[in-house]
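Asks: Please read through the structure below; I'll follow up with questions.
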Amino acid sequence: MQQSELDFINTLRQSSRYIEEHRGKTCVIYLPGTLLAAPDSLKQLGSDIGLLHHLGLKIVLVMGATQQIDSALNRAGVEWQTHRDVRITSIEMLDIFQQTIGQVRSQLEAVFSQASALLSNPVTIVSGNWVIAQPKGVIDGIDFQHTGKLRKIDHKGISACLDSGQIVLLTPLAYSLTGEVFNLNTLEQTCEVANALKADKLMIYAKPEQLQKLPKQMSIPELRQLIKQLEDSEQKHLLQQIDLSNQFIKRVHILDERDPSALLMELFSRDGCGTLIFSDRYHQLRPAHIEDVGGILELISPLEEQGVLVKRSRERLELEIENFLLLERDQTIIGCAAIYPHENNMGELACLAVHADYRGQELGEQLLKAIEVKALKQGIESLFLLTTHTHHWFIEHGFSLKTVEDLPSERQSLYNLKRQSKVLIKPLSTDN
Ligand SMILES: CC(C)(COP(=O)(O)OP(=O)(O)OC[C@H]1O[C@@H](n2cnc3c(N)ncnc32)[C@H](O)[C@@H]1OP(=O)(O)O)[C@@H](O)C(=O)NCCC(=O)NCCS
């Protein structure tokens with residue numbers, strides 16, 4: 001089989017798990033005007049979102065149109081004012097807003113019709129008055145006029161449309177109960193709608209400068225810590241907005257707006273391509289069970305072949321599975337370690353491994369700490385191990401180089417002289 005065919009099969013295997021996992025899940029996607037302004041990006045988005053819908057995701061789109069509105073106002077020679085970085089929408093500007101947003105919306109609907117032509121079930125996209133607005137009001141003596149803020153969301157109405165198999169589209173325009181038209185901040189609206197729907201995923205296309213230096217993943221406490229460290233910037237505003245309306249959203253993904261395909265990469269590949277902010281645990285450290293044996297073998301076999309780890313058969317792993325702890329991410333085992341009790345209150349740390357793609361994130365250290373806790377619970381007072389490749393790492397983690405004579409006697413008799421492994425020992429303290 002050729003490499004390209006193998007790559008294809010591997011990709012299919014990897015993504016099929018996510019296809020199953022995402023089916024029936026609610027996904028809210030923020031599409032900024034800049035992304036929709038480029039015809040190629042727009043076309044790509046139409047077909048990718050059509051595909052997501054086809055794969056059973058419930059999709060809500062919230063479109064922005066700032067770039068298009070700026071151009072339309074400039075063309076008409078209309079000047080606008082801002083206060084605290086928010087545009088003041090005068091009654092004279094509303095016509096231009098309605099025309100421009102209507103135009104962007106029809107362009108978006110058109111690409112969905114085009115995408116539908118390639119799918120067995122046509123994609124229907126609907127918009128409506130589910131969002132009720134109210135005036136932003138007068139702040140610092142400045143009247144924001146038709147710039148509004150979100151008052152309430154008919155999330156049941158939106159859910160009914162999603163359940164009937166339609167894609168929901170929200171625009172920056174919303175209406176008050178008195179029938180007035182308001183211009184809303186779309187990012188704010190997106191986050192609040194996602195929260196009201198208790199969305200499984202909120203996908204935000206952001207500017208490259210808003211993505212700068214963001215880690216691949218952050219928990220909510222890490223997000224808050226980062227916000228505290230940042231200077232006032234568009235990146236900080238984005239992260240603050242996410243933090244503000246994130247009570248019920250499970251995962252927020254920030255993607256680069258220059259790459260419309262980031263959506264599929266993020267949803268269907270194990271490592272995604274943007275930044276993930278999670279409120280559920282992303283990787284899980286847990287005891288191993290018998291059904292994990294296949295996953296452990298997959299992780300350690302390459303290391304056994306390189307001679308880094310001693311070979312273990314499936315049968316041996318099955319018998320010793322209770323000694324193992326695992327790190328699991330998206331149903332894939334990405335790390336493992338085991339502890340074997342010996343005489344003299346000593347315990348052997350064995351089979352510590354982290355998948356090559358995930359090294360350097362202190363996962364090895366997390367596993368080691370968890371093994372130490374497990375060992376202490378079993379009354380073990382010191383850990384020992386034999387290694388041929390990794391003694392420096394262990395020395396950096398509190399182990400010292402020792403000799404074969406320092407090992408428990410039954411382990412000394414099994415010492416394989418041919419391997420010439422180094423012996424390392426670490427005393428455990430209860431305040432570890
Ligand atoms: C050893 C191992 C578990 C560390 O996992 P990890 O999640 O990358 O560990 P951490 O993130 O806590 O530590 C990473 C640091 O250890 C260093 N490191 C990794 N392997 C090392 C080795 N063999 N010798 C010395 N240092 C090593 C890395 O360079 C990195 O250093 P840096 O932070 O200065 O860049 C992982 O490298 C592994 O699975 N190795 C192969 C299996 C193995 O050797 N197991 C031990 C035999 S029992």
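Asks: Please give the per residue accessible area of the chain, computed with a probe of 1.4 Å over protein heavy atoms only, in Å².
Replies: 51 Å²
Asks: Report the net charge of residues surrounding V181, where surrounding means a beta-carbon distance below 15 angstrom and charges are Lys +1, Arg +1, Asp -1, Glu -1.
Replies: The answer is +2.
Asks: Are there trypsin sites (Lys or Arg not before Pro) in segment 349-432 that DSSP marks as loop and that have at most 16 other Cβ atoms within 10 Å, and which are they?
Replies: On the way: sites: R359, K369, K374, K377, K402, R411, K418, R419, K422; in loops: R359, K418, R419.
Qualifying residues, ordered by number: R359, K418, R419.
Asks: Taking only C-alpha pairs under 8 Å that are 6+ residues apart, what is the relative contact order of segment 75-220 in percent?
Replies: Working: 162 pairs, mean separation 30.2, N = 146.
Answer for segment 75-220 is 21 percent.
Asks: For the chain, find the longest principal axis of its Cα atoms and tell me its angle to the long axis of helix 293-305, 0 to 90°, nearest 10.
Replies: 70 degrees
Asks: Report, in degrees rounded to the nearest 10, the 0 to 90 angle that the Cα long axis of helix 66-75 makes with the longest principal axis of the chain.
Replies: That works out to roughly 30 degrees.
Asks: Here is a further query. Suppose a student asked you for the relative contact order of segment 3-278, using Cα pairs under 8 Å spaced at least 6 residues apart; what percent would you report?
Replies: So the answer I get is 22 percent.
Asks: Next up: Once the convex hull of the alpha carbons of the chain is built, what does its volume come to per residue, in cubic angstrom?
Replies: 184 Å³
Asks: Let me ask another. Taking every DSSP beta bridge with both residues inside the chain, roughly what % is antiparallel (nearest 5)?
Replies: 60 percent
Asks: Just the number, please: carbon plus sulfur as a percent of the accessible area of the chain, 1.4 Å probe, no ligands or DNA/RNA counted.
Replies: That share works out to 49 percent.
Asks: With everything on Cα atoms, drop me the angle between helix 363-377 and the longest principal axis of the chain, reported from 0 to 90° to the nearest 10.
Replies: So the inclination is approximately 50 degrees.
Asks: State to the nearest 20 debye the size of the charge dipole of the chain about its Cα centre, where the only charges are +1 on K and R beta carbons and -1 on D and E beta carbons.
Replies: On the way: 44 positive and 55 negative charges, 70 e Å.
I would put it at about 340 debye.
Asks: Using the structure shown, list the pairs from K201/K374; K216/K422; K149/K228; K213/K250; K25/K369 with a Cα-Cα distance above 32 Å, or answer none. Please list the in-between numbers first.
Replies: On the way: K201/K374 35 Å; K216/K422 36 Å; K149/K228 26 Å; K213/K250 23 Å; K25/K369 35 Å.
Check vs 32 Å cut-off fails for K201/K374; K216/K422; K25/K369.
Asks: Starting from segment 1-105, pick out the trypsin sites (Lys or Arg not before Pro) whose DSSP state is loop and whose Cβ has at most 11 other Cβ atoms within 10 Å.
Replies: Working: sites: R13, R17, R23, K25, K43, K58, R75, R84, R87, R105; in loops: R23, K25, R84.
Hits after loop and neighbour filter: R23, R84.
Asks: Restricting everything to alpha-carbon atoms, can you work out Rg to Rh for segment 284-427 with a Kirkwood hydrodynamic radius?
Replies: Values: Rg = 14.3 Å, Rh = 15.4 Å.
Rounded to two decimals, Rg over Rh is 0.93.
Asks: Counting only GluC sites (Glu not before Pro) that are in a DSSP loop and have at most 12 other C-beta atoms within 10 Å, tell me the longest site-free stretch of the chain. Intermediate results must be reported in sequence, preceding the final value.
Replies: On the way: sites that count: E79, E231, E343, E362.
Between exposed loop sites, the widest span is 80-230.
Asks: Based on DSSP loop calls and a cut-off of at most 15 other Cβ atoms within 10 Å, the longest stretch of the chain free of exposed chymotrypsin sites (Phe, Trp or Tyr not before Pro) is what?
Replies: 81-247
Asks: Find out how many positive minus negative residues lie around G128, taking Lys and Arg as positive, Asp and Glu as negative, among other residues whose Cβ is under 15 Å from that of G128.
Replies: On the way: positive: R105, K152, K156; negative: E109, D154, D163.
The answer is 0.
The values are calculated or read from the model by the stated rules, or taken from the named source; none is laboratory data. In this text, all values refer to a predicted model and were calculated from it rather than measured experimentally. Every residue, glycine among them, receives a Cβ derived from its backbone with ideal geometry; neighbour counts consider all protein chains shown. Note: accessible area is taken over every heavy atom of the protein model, side chains too, but ligands, DNA and RNA are not part of it. Shrake-Rupley method; radii C 1.70, N 1.55, O 1.52, S 1.80 Å.
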